[in-house]
Amino acid sequence: MKEIKLQAKNGDELLAYLLVRSGIEFERPCGGIFHCGKCRIKVRGDFDEISAEEGALLSAEDIAAGIRLACFAHACGEVSVYLPED
């Protein structure tokens, strides 16, 4: 996996917006309306806590692996996202 370091604007930025602003393409079939759970991104760094709504769309294994949903997660500072090499 390829690590990409990003910085949230103003210390709080929705991961989906941060990715789009950075030119990173990712899957978001529902268009960010919080119901499909397919905008999974492996992340590390300064993020908000997982909400009950986001947690309902992730498995315990996803959470342990550092997976967040781009339409829910807020980056709060410097973060890394991990994308497949291809």
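Given the condition at pLDDT 95 or above and touching a Gly at 6+ places or on another chain (Cβ under 8 Å), answer yes or no: does some residue in region 9-26 qualify? Within region 9-26, none of the residues are at pLDDT 95 or above and touching a Gly at 6+ places or on another chain (Cβ under 8 Å). Regarding region 58-72, can at least one residue be identified that is at pLDDT below 95 and surrounded by fewer than 14 Cβ atoms within 10 Å (Cβ to Cβ)? The answer is no, given that none of the residues of region 58-72 is at pLDDT below 95 and surrounded by fewer than 14 Cβ atoms within 10 Å (Cβ to Cβ). Scanning region 21-33 for residues that are farther than 17 Å from VAL79 by Cα and surrounded by 15 or more Cβ atoms within 10 Å (Cβ to Cβ) yields ARG28, GLY32. Scoring LEU18 on the criteria (1) free of Cβ contacts under 8 Å to residues at least 60 places away in the same chain; (2) crowded, with 17+ Cβ neighbours inside 10 Å leaves a single failure, condition (1).
The values are calculated or read from the model by the stated rules, or taken from the named source; none is laboratory data. As the structure is a prediction and not an experimental result, all values here were calculated from the model. Note that each Cβ is placed from the backbone with ideal geometry, even for glycine, and that neighbours are counted across all protein chains shown.
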